[in-house]
1. Among B:Thr147, B:Thr15, which comes first, second and so on when ranked by fewest other beta-carbon atoms within 10 Å?
2. Using the Cα centre of chain A as the reference point, and only Cβ charges (+1 on K/R, -1 on D/E), how large is the resulting charge dipole? Debye, rounded to the nearest 20.
3. Give me the angle, in degrees from 0 to 90, between the Cα long axis of helix B:222-234 and the longest principal axis of the Cα atoms of chain B, rounded to the nearest 10.
4. Can you say what percent of the DSSP beta bridges in the range A:19-178, counting only those with both residues inside, are antiparallel? Round to 5.
5. For the range B:1-134, what size does the Cα cloud have along each of its three principal axes, sorted from largest down, in whole Å?
6. Which percentage, to the nearest 5, of the DSSP beta bridges contained in the range A:155-291 is antiparallel?
7. Report the Stokes-Einstein translational diffusion coefficient (µm² s⁻¹, integer) for chain B, Rh taken as the Kirkwood radius over Cα pairs, at 20 °C with viscosity 1.002 mPa s.
8. If you take every DSSP beta bridge fully contained in the protein assembly as shown, what fraction is antiparallel? Give it as a percent rounded to 5.
Amino acid sequence: MVAVRRAQTALEAVDLVKTYSAGRNNPPVRALRGLSFSAAKGTVFGLLGPNGAGKSTTVKILSTLSVADSGSAHVAGVDVTAKPHRVRRAIGFVAQKPGTDPMATATENLLLAGRLHGMSRHDATARARELIDRFGLAEAANRLVSTYSGGMARKLDVALGLMHRPQVLFLDEPTTGLDPQARSEMWHEIARMAADEQMTVLLTTHYLDEADHLADRLAIVDHGTVVATGTPEELKSELRGDAVQIELAEADDRAAAVLRRVHGLREITMDGCTVRGRTDDGARALPPALAALDEAGIAVASATLARPSLDDVYLRHTGHALQAPGGEDLKALEAAK
Amino acid sequence: MTTAHTESTGARPLTLIAHTAFLTGRLMRTLWRTPTFLIVGLVQPVIWLLLFSRLFRSVVDLPGFTHGDGGFLRFLTPGVVMMTALFASAWAGTTYLQDIDRGVMDRLLTSPASRAAMMCATMAHQAIQTVIQSLVIVVIALIAGATFPGGPAGVALTVLAAALLTLIFSALSNAVALLTRQQATLIAISQFTTLPLMFLSSAVMDLQLAPGWVRSVAAYNPVEWAVVAAREAMAAHTDWSVVGTRLGVLAAAVAVMGFLATRAFRAYRKST
């Protein structure tokens, strides 16, 4: 049974713990505190969480770059601790920071990656040409990477990860630092290649919309552990009813207490000037909520009602909001769709 | 057992050679595009060669200076060749630091490229530069009027000794780079080691004129091994046992340093 399960599981992490030393006078940093998840073959699995949650550390351990203090991990059915070099043949790795050689051209970067993976010169040349065309780098293919824009270099990073048709591709925050246009193009490419290449993708991101758009399943990571896991739809449907969000004119600690007394509102949380809650029927609960705040002398700047989003899922499981990704991401999402 | 061994190193010999060739090719291409360091690295030795050979011309006439045949320029040339090799290879770790900084290192480490190949490639890259620089220095010495009775074979063995010396110290520099990951530390360690190693050898002065303790220390100094092998190979009546033993210990030191430096990748992985 275990063997069967493993055959269909491309990625499996069990109780990963990793501690970094933080200098002589500081206590060690516990990056991972028993992180576990598994991803089925051929799916895009998202690790969603803020910077410092442990996403990159997880990717480093699974891609053999780092070793866990304890716990176990399998990639493409291979134990990363016992046989790291076999894992390396099966994976493509796109790190958070660029991994291209700036003193080489795109073609040279790709050929080296292919040859190191044991491809013949002929196969590597053909594959490099295919990827260069697909990522729209044809005109710049024979220019040094040091002359590339951030978006072009990022595309080449992903192309490098795909060069040898890996079984598992790691994408560590592939769109961080990209402008909206480049991000939208990248999303488009990731979605397409996940479908075309029949591979498993582990995507880390701190953009909720990115996870929602690209991931088949995702795990919400907070302080080195997985706090929730499921498909984006499952996670959202766990939350009953509508989300109510009220922006106060100025922060007021009494607001939460006032709203908790309003019939039909529950799960009230405060974060600065923002008060969030849930209700089965938003349209009915909002007027008494606003009336109660007004009666208590608390000025309201705005109020919104929304169907549950991943943002709400995140908030519920971690108790804090993920940084708002900003308006341009929504536009990028629309463009990508 | 064989399988287990292959598993643990992650590479068969042919793969190791192929990977070393691919990675060396990458570094040579970069050198070809920006040969600045290679050329700038020649300015200092050429100045030493031409200045010192004039300035200290008469030291060969000192009583006790036993290697004075052919003048100070002939004496000094192997010394300058080794100094150049030593100083350049002490900086070899910079390539790793740049790769770490640019993320190239992490990408290579997650690829099937073997650690040994990654180490060999940077060492080979440095050795090739040394071969080029050594030949340029010898040619300049010849133009300046030096004669080398050892002929082309003597020059070839001098270049070989310089290349071996480069392999030792570039491996050391790579290990320091992997362990410290800091340019400042790498520079400090390079400077603290290279100058003493140079002056605790007969690179610029006949050790017969040095205190006894310097001679004792020099016997364990790879720079001295290389200088002695080269000077003997370029002399009129070469004692081949001297050349052979010195090249032998240099080669053994290359193997040991290369192995130890490759182990430094483990420390790098632990702390990543």
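Rule-based calculations on the coordinates, nothing more; no lab input. If you're wondering where the values come from, they're calculated on a predicted model, not measured in any experiment. No Cβ is skipped: glycine too gets one built from the backbone with ideal geometry, and neighbour counts run over all protein chains shown.
1. With the fewest neighbours first, B:Thr147, B:Thr15 line up as B:Thr147, B:Thr15.
2. For this selection, approximately 1440 debye.
3. Rounded to the nearest ten degrees, it is 50.
4. Around 55 percent antiparallel, to the nearest 5.
5. 63, 37, 19
6. 75
7. Answer, rounded: 110 µm²/s.
8. Among the beta bridges of the protein assembly as shown, antiparallel pairing accounts for roughly 70 percent.
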